[in-house]
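Working notes for the structure below.
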Amino acid sequence: MSKTVADVMTCDPIVVRRETPLKEAIQTLAEKRISGLPVVDDVEKLVGIISETDLMWQETGVTPPAYIMFLDSVIYLQNPATYERDLHKALGQTVGEVMSKNPITISPDKTLREAAKLMHDRSIHRLPVLDSAGQVIGILTRGDIIRSMAAD
C-alpha cells in the first residue's frame with residue numbers, strides 16, 4: 001500500500017500570523033532550522049506562507065523597473081505592479097506584508113507520489129496540509145519525502 005501525506009507529514013507545524021513581526025518569524029526559521037512557515041488567521045485557516053525566498057527581499061532590496069522615455073511618456077519595460085509587490089516585500093515589517101498569498105496545499109489523504117509530483121511540477125519546497133475545514137494540520141517538505149524514501 002502506498003504511503004499518504006498523513007503518514008509522512010510533520011504534524012502540528014509551527015505557524016505564524018499576519019501580524020507577527022518579521023524579526024520574530026526570521027528568528028523562528030533560524031532557531032528551528034526550517035525554511036518556511038504557514039501563515040494562519042485567527043481561526044487557524046491558512047492565508048499564506050512565508051519562506052526564505054520571501055525574506056531574501058529584505059536583504060537584496062529592489063531595483064525599479066527599467067523604462068524608456070518616448071515623446072515625454074514613460075514606457076516601462078517591466079511590469080510596474082511587480083515592482084510595487086517587490087518593494088512591499090523589501091520594506092515589510094510584518095509577516096502579512098511579506099508572505100506569499102494563496103499557497104499550494106494538499107490534503108492528508110493524497111498519496112506521497114501525488115505530493116512529490118505537485119512539488120516537482122510547481123517547484124515548491126513545502127506543502128501545507130489542510131483538513132476539510134481549511135485548517136493547517138501538518139506540513140510536508142521535500143526533506144520529509146526523501147527521508148521516507150530512505151526508510152523504505
* How large is ³J(HN,Hα) for each residue in the range 94-101, as worked out from phi by the Karplus curve 6.51 cos²θ - 1.76 cosθ + 1.60 (θ = phi - 60°), to whole Hz, x for Gly and Pro? -> 10, 4, x, 7, 10, 4, 8, 8
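Between beta-carbons, use under 14 Å as the cut-off and find the net charge around Leu130, counting Lys and Arg +1, Asp and Glu -1. Mind dumping the intermediate values first?
Values: positive: Lys45, Lys110, Arg126; negative: Asp12, Asp41, Glu44, Asp109, Asp131.
Residues close to Leu130 contribute a combined charge of -2.
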* Amide H to amide H under 5 Å from Val40: which residues, 5+ apart in sequence or cross-chain, H placed 1.01 Å off N in plane? -> Val16, Arg17, Arg18, Val47
* Asked: So what are the ³J(HN,Hα) numbers for the range 127-144, from phi and the Karplus equation (6.51, -1.76, 1.60; θ = phi - 60°), rounded to whole Hz, Gly and Pro as x?
  -> 10, x, 9, 10, 7, 5, 8, x, 8, 6, 10, x, 9, 10, 10, 4, x, 4
* Structure fact -> Ordering Met149, Met99 by the accessible surface of their heavy atoms, 1.4 Å probe, largest first, yields Met149, Met99
* Taking all protein chains together and a probe of 1.4 Å, list Lys45, Lys23 from the most accessible to the least accessible. => Lys23, Lys45
* Taking H placed 1.01 Å from N in the peptide plane, check which residues at least 5 places from Thr94 or on another chain put their amide H under 5 Å from its amide H. => Leu22
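The values are calculated or read from the model by the stated rules, or taken from the named source; none is laboratory data. Small disclaimer: the values here were computed from a predicted structure and weren't measured. Using ideal geometry, Cβ is built from the backbone for each residue, glycine included, and neighbour counts are taken over all protein chains shown. Only protein heavy atoms, including side chains, enter the accessible area calculation; ligands, DNA and RNA are left aside. Shrake-Rupley method; radii C 1.70, N 1.55, O 1.52, S 1.80 Å.
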